[in-house]
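**Q** I am attaching a structure below and will ask some questions about it afterwards.
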Amino acid sequence: MKFSEHLAFLREQEGLLQKDLAKALGISLHAYQRFEYGEQEPRLAVLAKLADFYDLSLDALVGRHRSVRVTALLENTAGREGLCAAHGLSLYIETPRHKILFDMGPGDEFLSNAEALGVDLTAVDLAVLSHGHDDHGGGLAAFCRVNDHAPIYLHRSAFGPYYILSDDRDPAYIGLPLGLEEFRDRFIFTDREMVIDRELTLFAEPPAVFDAMAASGRLAEKVGTGFQPDAFRHEQNLLIRAAGRTVLVAGCAHRGVVNILTAAKSKLGEYPDVFFGGFHLFQLPEGEAASDKLIDETGRALLPGKTVYYTGHCTGTYAYDRLQAILGQRLRPLTGGMTADIGEGEIKEVE
């Protein structure tokens, strides 16, 4: 949101007229209107008066975040009226240096949600695709058509032939949509690790210290005329170091959230403050001993440290409930429309 738009938003939230702000600032109505119309920016003395009037810091007044703010543009559920829900994930992330789109869901549903939530996707300066499945990258072309400049970071294996297997149906293709060649000059292909800048690092293939692959046993890669279990080489995770906090973002954590968290710890020297993403446990048969054992062992392995986990999408309600019995308030629901603000002092969920 531009500063001029933010000024109008703040005023309308308070139910005020432009003349009310002009009077409070001791300036003419025309002078104030120039601020809201984007024709002129206020001088520091006027900015200070505005900040005092709204009881905001200067950073907050001009929309500069001294925090990491994560908004769920799309998820399996919609936590606000008027938002679309679909099996998939799309997150909008603001840091002091970046505006990031992490995944694009299965189609263009995230676009209307972004508009409803006041998120300007044309201002995104980089995008990340977590892996090569269509419920996360199906909206890739839609994003490229809305935003014509942001580079898109995706693993070099993201365009592989990925399928889901079933006992009673033919294998179904779940890879990225065809016809994305026109956007290829926007793609930056990654491998095991890429340091983007001092805030952002992408990493893939975390060491398997915890056996989690049983939760993704139906997912496969086509090799020749046959299929082999997907090793998820195409899956990458985003590690954010900003505003004195550390945030780990994953798409589905097919390689295991414990493994991904452990890899992040090895890079940071400690566990991250917050995790966002799916745990991919929803395909486990509910109530079976092996399923319950894997879910419970996952929960216990996530107990060390202080990480707060926002999860949804492919975690599944059954697994979520079992995990919450172990993790308590450190496990929180990730739902469409929610925003979490991770500042230096606390984690706040923003209405």
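**Q** If I take R0 = 25 Å and measure r between the Cβ atoms of E39 and L17 in this structure, what FRET efficiency does the formula 1/(1 + (r/R0)^6) give, to the nearest 0.05?
**A** For E39 and L17, the calculated efficiency is 0.85.
**Q** Among H87, H131, A340, pick out the residue whose Cα is farthest towards the positive end of the charge dipole of the chain, where Lys and Arg carry +1 and Asp and Glu carry -1 on C-beta, about the Cα centre.
**A** After comparing all options, I get A340.
**Q** Take region 21-112, drop everything but the C-alpha atoms, weight them equally and run the Debye formula without solvent; then report log10 I(q)/I(0) at 0.13 Å⁻¹ to two decimals.
**A** Taking Cα atoms of region 21-112 as identical point scatterers yields -0.66.
**Q** Please compute the contact order of the chain in relative form: average sequence separation of alpha-carbon pairs under 8 Å and at least six residues apart, divided by the residue count, as a percent.
**A** Here the relative contact order equals 15 percent.
**Q** Taking every DSSP beta bridge that has both residues in the chain, what percent is antiparallel when rounded to the nearest 5?
**A** For the chain, the DSSP antiparallel bridge percentage is about 65.
**Q** At 0.36 nm per residue, and after removing the present C-alpha to C-alpha distance, how many nm does the segment from K293 to R66 gain when stretched out fully?
**A** 77.7 nm
**Q** In region 1-142, carbon and sulfur make up what percent of the accessible area (probe 1.4 Å)?
**A** 48
**Q** Which is farthest toward the positive dipole end of region 135-287 among F279, A172, T225, measuring Cα position about the Cα centre, with Cβ charges +1 (Lys, Arg) and -1 (Asp, Glu)?
**A** Going by the Cα projections, it comes out as F279.
**Q** I need two numbers for the chain: Rg to one decimal and Dmax as a whole number, Cα atoms only, in Å.
**A** Cα only, the chain: 21.8, 76 Å (Rg, Dmax).
**Q** Next question, about the same structure. Just how large is the dipole of region 124-231 about the Cα centre, in debye to the nearest 20, putting +1 at every Lys and Arg Cβ and -1 at every Asp and Glu Cβ?
**A** Rounded to the nearest 20 debye, it is 100 debye.
**Q** What's the whole-number percent of alpha carbon pairs in region 199-241 lying beyond 18 angstrom?
**A** Considering region 199-241, 42 percent of its Cα-Cα pairs are separated by more than 18 Å.
**Q** How much length would be gained if the chain were fully extended between Y54 and R97, taking 0.36 nm per residue of separation minus their Cα-Cα distance, in nm to one decimal?
**A** 13.0 nm
**Q** Here is a further query. Total Lys pairs in the chain closer than 17 Å by alpha-carbon, pairs eight or more apart in sequence or interchain only?
**A** Lysine pairs meeting the criterion: 6.
**Q** Lys/Arg Cβ at +1, Asp/Glu Cβ at -1, dipole of region 134-258 taken about the Cα centre: which of I240, H149, P161 is farthest positive-ward?
**A** The listed residue farthest towards the positive side: I240.
**Q** Also, quick follow-up: Give me the dipole magnitude in Debye, nearest 20, for region 34-178 about the Cα centre, with unit charges on the beta carbon: positive for Lys and Arg, negative for Asp and Glu.
**A** Its charge dipole is roughly 620 debye.
**Q** Would you mind counting up the charge near S28? Only other residues with Cβ under 15 Å from its Cβ, with Lys and Arg at +1 and Asp and Glu at -1.
**A** +2
**Q** Evaluate Rg over Rh across region 150-302, taking Cα atoms for both radii and Kirkwood's formula for Rh.
**A** A ratio of 0.99.
**Q** While we're on this one: Rounding to the nearest 20 debye, state how big the charge dipole of region 198-351 is about its Cα centre with +1 on each Lys and Arg Cβ and -1 on each Asp and Glu Cβ.
**A** I would put it at about 320 debye.
**Q** Then there's this: Using a 1.4 angstrom probe on heavy atoms only, work out the carbon and sulfur share of the accessible area of region 144-248 in %.
**A** Result for region 144-248: 50 percent of the exposed heavy-atom area is carbon or sulfur.
**Q** Now a separate question. Rolling a 1.4 angstrom probe over the protein heavy atoms, how many square angstrom per residue are accessible across the chain?
**A** 46
The values are calculated or read from the model by the stated rules, or taken from the named source; none is laboratory data. Remember, predicted model here, so these are calculated numbers, not experimental data. Note: ideal-geometry Cβ built from the backbone for every residue, glycine included; neighbour counts use all protein chains shown. Heavy atoms of the whole protein, side chains included, go into the accessibility calculation; ligands, DNA and RNA do not. Shrake-Rupley method; radii C 1.70, N 1.55, O 1.52, S 1.80 Å.
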